[in-house]
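Inspection log for the structure reproduced underneath, given as structure tokens.
The values are calculated or read from the model by the stated rules, or taken from the named source; none is laboratory data. None of these values were measured; they are calculated from a predicted model. Cβ sites come from the backbone with ideal geometry, for glycine too, and all protein chains shown count toward neighbours. The accessibility values were calculated without ligands, DNA or RNA, using every heavy atom of the protein model including side chains. Shrake-Rupley method; radii C 1.70, N 1.55, O 1.52, S 1.80 Å.
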Amino acid sequence: GADAIHPGYGFLAEDAEFAEVCEKCGFTWIGPKPRLMRLMGDKVQARKAMSDAGVPVLPGTGAIDNESDALAAAERIGYPLIIKAAAGGGGRGMKIVESRTHLTQQLFTARSEAQAGFGNPDVYLERYVTRPRHIEIQLMGDLHGNVAHLGERECSIQRRHQKLVEEAPSVAITEAQRKALGDIVVKAAREVGYANVGTVEFLFDPAKNEFYFMEMNTRIQVEHTVTEMVT
């Protein structure tokens with residue numbers, strides 16, 4: 001007798017095809033629209049969409065599939081840089097490159113890991129921030145264009161790119177930075193037409209006092225319970 005489906009935390013939570021099947025079968029899908037799940041699931045496209053919406057991003061590239069393009073882009077971005085899987089997450093398909101000498105091998109390894117882990121070999125390059133803080137903002141949007149953010153969580157304490165500790169609010173940013181970042185996230189979510197709950201993740205470079213978009217999770221994360229406790 002159910003008329004709506006919520007996917008929970010698991011693999012179905014960001015499966016756009018499953019969301020489309022639910023809608024085709026007449027169920028209300030409790031989650032973002034499938035087109036946005038696909039957009040944010042591709043890190044290269046997500047970078048572009050967020051940049052177009054006025055969100056700061058690190059110097060980087062689109063999808064890179066050959067050595068010559070990678071070498072040319074690396075000269076423009078500078079070292080150290082990081083190779084990331086376009087369809088990735090959780091640290092898989094990520095390689096830090098300190099110099100030109102190691103770029104070719106690391107590119108090959110990253111593409112192989114991306115293909116094995118996500119069924120998609122596409123990778124991109126991005127400037128590497130050596131000692132960043134990891135700040136994420138949870139937001140909520142309805143179907144009428146209203147969006148609100150619920151403050152930030154800091155998850156800088158990690159092991160193998162997996163979060164170990166979540167803290168809210170962050171002690172590393174000021175009230176002015178908190179407001180500015182929240183305003184950016186809300187504006188971007190409105191521009192892409194985001195609805196439901198999601199989290200936008202940023203790298204904060206303390207040395208430059210700047211934030212950079214990293215990725216958006218189009219689901220409720222397990223960390224949302226930290227946001228529940230402070231709201």
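SER156's amide H: which non-local residues (gap 5+, or another chain) put their own amide H closer than 5 Å, with H modeled 1.01 Å from N in plane and none for Pro or chain starts? Amide H neighbours of SER156, under 5 Å, 5+ apart: HIS134. Can you send over the carbon and sulfur percentage of the accessible area for the range 66-108, probe radius 1.4 Å, protein chains only? Accessible surface attributable to carbon and sulfur in the range 66-108 totals 52 percent. Accessible surface of the range 12-63, 1.4 Å probe: 53 percent of it comes from carbon and sulfur atoms. Site-free segments of the chain were taken between trypsin sites (Lys or Arg not before Pro) in DSSP loops having at most 16 other Cβ atoms within 10 Å, sites themselves excluded; the longest one is 1-159. Accessible surface calculations at 1.4 Å, restricted to protein heavy atoms, place the range 1-79 at 55 Å² per residue.
Taking the alpha carbon gyration tensor of the range 1-94, multiplying each eigenvalue by 5 and rooting it gives semi-axes of 35, 13, 11 Å, largest first.
For the range 211-226, 3J(HN,Hα) computed residue by residue from phi via the Karplus equation (6.51, -1.76, 1.60; θ = phi - 60°) reads 9, 9, 4, 10, 6, 10, 9, 8, 6, 7, 7, 4, 6, 5, 5, 5 Hz, glycine and proline entered as x. Its Cα gyration tensor gives the range 174-231 an equivalent ellipsoid; the semi-axes, largest first and in whole Å, are 20, 15, 12.
Here is the tail figure for the range 130-231: Cα pairs spaced more than 21 Å apart come to 29 percent of all pairs. Summing charges over neighbours of GLY88, with a neighbour being any other residue whose Cβ is under 14 Å away from its Cβ, gives 0 when K and R count +1 and D and E count -1.
The residues of the range 155-197 expose on average 59 square angstrom of accessible surface per residue, using a 1.4 Å probe on protein heavy atoms. With r as the distance between the Cβ atoms of GLU17 and ALA207 and R0 = 35 Å, compute the FRET efficiency 1/(1 + (r/R0)^6) and round to 0.05. Using R0 = 35 Å, I get an efficiency of 0.25. Averaging 1/r across all pairs of distinct Cα atoms in the range 29-176 and inverting the result yields a Kirkwood radius of 17.0 Å.
Think of each Lys and Arg Cβ as +1 and each Asp and Glu Cβ as -1; about the Cα centre, that makes the dipole of the chain roughly 420 debye. Count Lys and Arg as plus one, Asp and Glu as minus one, and take only other residues whose Cβ is under 10 Å from that of GLY193; the net charge is then +2. Here the label points at THR225 and LYS179, each 7 Å from Cα along the C-beta direction, are separated by 3.4 nm in the simple model.
Under the combined filter of DSSP loop state and at most 15 neighbouring Cβ atoms within 10 Å, the range 83-162 retains these GluC sites (Glu not before Pro): GLU98. Once both labels are positioned 7 Å from their Cα atoms along Cα-to-Cβ, the gap between ILE30 and TYR9 label points is 1.6 nm. Please give me the summed charge of the neighbours of ARG133: other residues whose Cβ is under 10 Å from its Cβ, Lys and Arg +1, Asp and Glu -1. Its environment carries a net charge of -1. Amide H contacts of GLU210 (H built 1.01 Å from N, in plane; Pro and chain starts excluded): ASP205 sit under 5 Å, all sequence-distant by 5 or more or on other chains.
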